[in-house]
Every structure is written in structure tokens, then in C-alpha cells.
Amino acid sequence: MQAFDIAEPGILMTKFYLKFNTMKLIVKAPGSCSVEDVLRIISHSEELSWIQLRRNEKKFLNDINSDKEGRLRFHVLSENGKRKKRIQTREEKIFVLANDCLTGDPLVHDLSLNQLVGSDEDNMILFHEKIRYSTA
């Protein structure tokens with residue numbers, strides 16, 4: 001019987017319970033990932049595919065991304081490199097909410113959005129995912 005060597009990505013997938021498509025995103029990332037790159041990987045991860053963009057959330061998310069107070073470090077950008085005026089996908093929603101949480105004083109007060117980025121440690125789904133990816 002022949003022994004198999006397990007590649008490092010496989011070990012990380014097992015250790016941190018990462019799905020295969022998420023691991024492919026991580027492997028494709030450059031070695032010197034920025035925080036923005038990590039947030040983009042998280043926002044596209046398969047583990048968060050259950051999150052939906054609801055119609056009633058769009059205005060609020062658009063207001064956060066417009067960032068008139070200069071609170072956010074990163075913004076959802078359009079193809080031409082300018083800030084996007086309208087959040088249109090669940091990945092953009094996750095990216096905006098994670099950025100809002102990283103400010104230390106999130107604007108999220110809507111109950112349904114709080115369930116994603118809640119104030120107590122047990123409810124911080126997005127940050128739990130970020131910690132798992134950054135340690136991988």
C-alpha cells in the first residue's frame with residue numbers, strides 16, 4: 001500500500017474547517033496579502049454563502065460605503081477604480097459590513113444586520129471567519 005503526502009492546504013482545510021472553493025481563493029492570494037485582500041477573500045468565501053443581500057438593506061449599505069465621514073479603510077470599488085454608489089451583491093455587503101466593524105464604532109444598528117456583525121463575541125460571525133483565514 002502506498003502512503004500519500006498531504007499538502008499544506010489540505011491540512012489547513014482540515015484544521016480550520018475550510019471549504020475547497022474557499023481554499024482555492026486563499027491559495028491564489030499573493031504571499032504578501034494586505035488586510036483588504038483578506039477581506040475580499042472572506043467576502044467571497046463559501047462559508048458565508050448563506051448571507052443574502054436584502055432589498056431593504058441596500059440604502060443603508062450604500063450610505064456606509066459612501067463614507068462621508070472618512071471612517072472606512074477600504075471601499076467597494078467599480079471597474080474604473082471609483083467608489084461604487086450601489087451595493088449589489090452579497091460579497092459587497094459582507095465587505096462593507098466587515099469594514100464598518102473594523103472602524104471600532106460600527107454604524108450597524110439594524111437588527112438583521114447586527115446578527116451578522118453583532119457586538120458580543122459569540123455573535124461576531126464575520127470576525128470569526130477573518131481570524132480563521134488570517135491564521136491559515
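Since every read-out is calculated from the coordinates, none of them should be taken as a lab result. Predicted model only: the values in this text are computed from it and were never measured. Virtual Cβ from ideal backbone geometry, glycine too; neighbours counted across all protein chains shown.
Placing +1 on the Cβ of every Lys and Arg and -1 on the Cβ of every Asp and Glu, with nothing else charged, gives the stretch 1-94 a dipole about its Cα centre of roughly 640 debye.
Loop-resident trypsin sites (Lys or Arg not before Pro) (DSSP state other than H, G, I, E or B) in the stretch 1-70 with no more than 15 further Cβ atoms inside 10 Å of their Cβ: Lys19, Arg54, Lys68. When you filter the GluC sites (Glu not before Pro) in the stretch 41-85 for DSSP loop state and at most 16 other Cβ atoms inside 10 Å of their Cβ, you are left with Glu69, Glu79. When the C-alpha to C-alpha distance is required to be over 32 Å, the pairs from Lys15/Lys68; Lys28/Lys58; Lys19/Lys68 that qualify are Lys15/Lys68; Lys19/Lys68.
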